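**Q** This structure is in structure tokens; I'll ask about it shortly.
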Amino acid sequence: MVIYLLALALVTSSASGLVEKAVKEYVQSNFAISCGEYQFDFKRINYALFPAQVDSIKVMRIGKSSPIGNTVFSFGAFKDGGLVKTVAASIEVFLLVEGVVANAPINVGEQFHDLIVARRIITSDAQMPIVDPAILAGKQAKVYIQPGAMIFPSMCENIPLIVSGDKVNIVVEQGLIKVIARGVAKQKGGKGDLIRVSNLGSNKIIRAEVVDSMTVALK
């Protein structure tokens, strides 16, 4: 019994080193990034599933398009150049990134303030955090942001220059010709946002870009 446990411990130790090396090399090779650092949680792996005697273990593929989050890795165990066994295992992959973090609560509609740049772990790469506080100039919180939270683009919106119901000038330019019509905003928008506007002359709803607090441009 003691000999068996000792042998199992040696196999597990050997397999763990090969597996962890294979995972790190695979992720860095296929999903290299410059804005963060991958971290791994190998606790869910049953290393006893791997063969006792192998020369190498390689990652054959993963179960999704991104390694971030809970990811199933398919491994190949090789001996003398041949594939001995395939093993599937679930590994938690995180991304440690540097970005803008709220140092105090920020309410919906509030301009960004009291910001710091810090490192945080994220579990999805669907969007990356804001990396420079200067990017948030002229923007406000779209959702409530709690202290310590990293700030992502989806949490931000331009500070509205126009709100629904405001009367605006609709500017249309074609070459040297410039036409101005009167309209009413149907939604809020900040500089550069496309908003719905009702043309009072034609009663049509159009989408126009906010230029300033009184002007939208039909692109």
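The values are calculated or read from the model by the stated rules, or taken from the named source; none is laboratory data. From a predicted model like this one, the values you see are computed outputs, not experimental measurements. Every residue, glycine among them, receives a Cβ derived from its backbone with ideal geometry; neighbour counts consider all protein chains shown.
**Q** Filter segment 199-219 down to the residues that are part of a strand (DSSP E or B) and farther than 29 Å from GLN111 by Cβ, then identify the one that is farthest from the chain's Cα centre (by Cα). Working first, answer last.
**A** The first filter runs over segment 199-219 and keeps only residues part of a strand (DSSP E or B), leaving 199, 205-210, 215-217.
Remaining after also requiring farther than 29 Å from GLN111 by Cβ: 199, 205-206.
Numbers: ASN199: 38, ILE205: 34, ILE206: 32 Å.
Step by step, filter segment 199-219, then rank; the result is ASN199.
**Q** Then there's this: Just checking: which of the strands (runs of 3 or more DSSP E) contained wholly in segment 32-111 hold 2 or more residues that are of a type in the set (Val, Ile, Thr), closer than 17 Å to SER16 by Cβ and touching a residue at least 40 places away in the same chain (Cβ under 8 Å)?
**A** On the way: elements: 36-41, 56-62, 69-79, 82-102.
Once the strands (runs of 3 or more DSSP E) in segment 32-111 are filtered for at least 2 residues that are of a type in the set (Val, Ile, Thr), closer than 17 Å to SER16 by Cβ and touching a residue at least 40 places away in the same chain (Cβ under 8 Å), what remains is 82-102.
**Q** Of the residues LEU83, LEU49, which is hydrophobic (A, V, I, L, M, F, W, C), modelled with pLDDT under 95 and in the same structural domain as ASN30 (by TED's automatic domain parsing)? Explain how you work it out, then say what you get.
**A** Values: LEU83 fails: modelled with pLDDT under 95.
Of the residues listed, the single one that is hydrophobic (A, V, I, L, M, F, W, C), modelled with pLDDT under 95 and in the same structural domain as ASN30 (by TED's automatic domain parsing) is LEU49.
**Q** Would it be correct to say that ILE45 is more than 22 Å from SER14 (Cα to Cα) and hydrophobic (A, V, I, L, M, F, W, C)? Step through it out loud before you land on a result.
**A** Numbers: more than 22 Å from SER14 (Cα to Cα): no; hydrophobic (A, V, I, L, M, F, W, C): yes.
Judged against the criteria, ILE45 is not a match.
**Q** Cβ-Cβ under 9 Å, sequence separation 6+ or interchain: first residue in segment 167-179 and closer than 15 Å to VAL210 by Cα and assigned by TED's automatic domain parsing to the domain that holds GLU209, partner aromatic (Phe, Trp, Tyr) and surrounded by 12 or more Cβ atoms within 10 Å (Cβ to Cβ). Which pairs?
**A** none
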